[in-house]
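Working notes, beginning with the structure itself.
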Amino acid sequence: MTGAPRDPDDPTVLRPLTLSLDPGLDRAAVAGWEAWEKAAAAAGAARVVAWLLRRVGPDAEATAEDFLDTVEALLGATDPDDRVMARAELAESMTGHDDLMADTLWDGVLGHAESVGDGDMLLDAIGHLAAIAEDHGDPLAAAEYHLAYLAWRRQPDSGGDPEDVQATLEEVVRLAERDGARAEAALFAFRLARFTRLAEADDPRAVEGDWENDPAPYPIWS
């Protein structure tokens, strides 16, 4: 999936909060997490830490030591699981301070979660990405993230806690209402009620696989 809007003419675009004085890393951050991590590896941990400190600004009260271990782990890890854990830790550190960088890094966590089928990691990344999109006035993009989780969860071998599905459907209903999509909000509320009945009846479909009769993914409104 793509992150929050990046069109310079879009008022909801995620822009750097401070001048970093390292335009190569700035450009890479806009290009996506893979491009940024490649540029970060070329720049080295010390430059990346300095860049991050300028991005978060003085209000974050962060120090080089706060970032150094995580950056070194991210750039030096050879195991994909170790690398994504460092990526998620860095994304968490940037959340609330630098929306562009947080969005870029959480998108990388999301991509890994999708590739390995980790439902908990998927939910964590989607929760952060959706929150960033909504904070920037785009409830439709936020809902798309939640629908991506539901699409994954409905796959034959995907399973998880029914409460995660219920909470995700509740978020879609809320976002549809915020976006003025009343008919879609009502439709997803109906889907939520139907799923809840399955969960209360201990139907195995509430725990694994598709609970719908129609296998088509849930569409997003426009």
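For region 64-71, the Karplus equation 6.51 cos²θ - 1.76 cosθ + 1.60, evaluated at θ = phi - 60°, returns couplings of 4, 5, 5, 9, 4, 4, 5, 5 Hz by residue, with Gly and Pro reported as x. Ellipticity at 222 nm from helices only: DSSP H runs of n ≥ 4 in the chain, each -39500 (n - 2.57), divided by the residue count, give -21500 deg cm²/dmol.
Computed from backbone phi, the HN-Hα couplings of region 100-110 come to 4, 5, 4, 4, 4, 6, 5, 5, x, 5, 4 Hz, rounded to whole numbers (Karplus: 6.51 cos²θ - 1.76 cosθ + 1.60, θ = phi - 60°; Gly and Pro given as x).
Hey, fewest Cβ within 10 Å first, where do 85, 101, 94 land in order?
85, 94, 101
For the peptides 66-76, 193-203, 143-153, residues were scored by their other Cβ atoms within 10 Å and the scores averaged per peptide; the highest-first order is 143-153, 66-76, 193-203.
Karplus-based coupling profile of region 203-213, in residue order and whole Hz: 5, x, 5, 6, 10, 8, x, 8, 9, 9, 6, with θ = phi - 60° in 6.51 cos²θ - 1.76 cosθ + 1.60 and x standing for Gly or Pro. Under 5 Å from the amide H of residue 211 lies no amide H of any residue 5 or more positions distant or on a separate chain, with H modelled from the backbone and absent for Pro and chain starts.
No value in this document is a laboratory result; all are computed from the given coordinates. The model shown is predicted, which means the values in this text are computed figures rather than measured ones. Methodologically, a virtual Cβ is constructed for each residue, glycine included, from the backbone with ideal geometry; neighbour enumeration extends over all protein chains shown.
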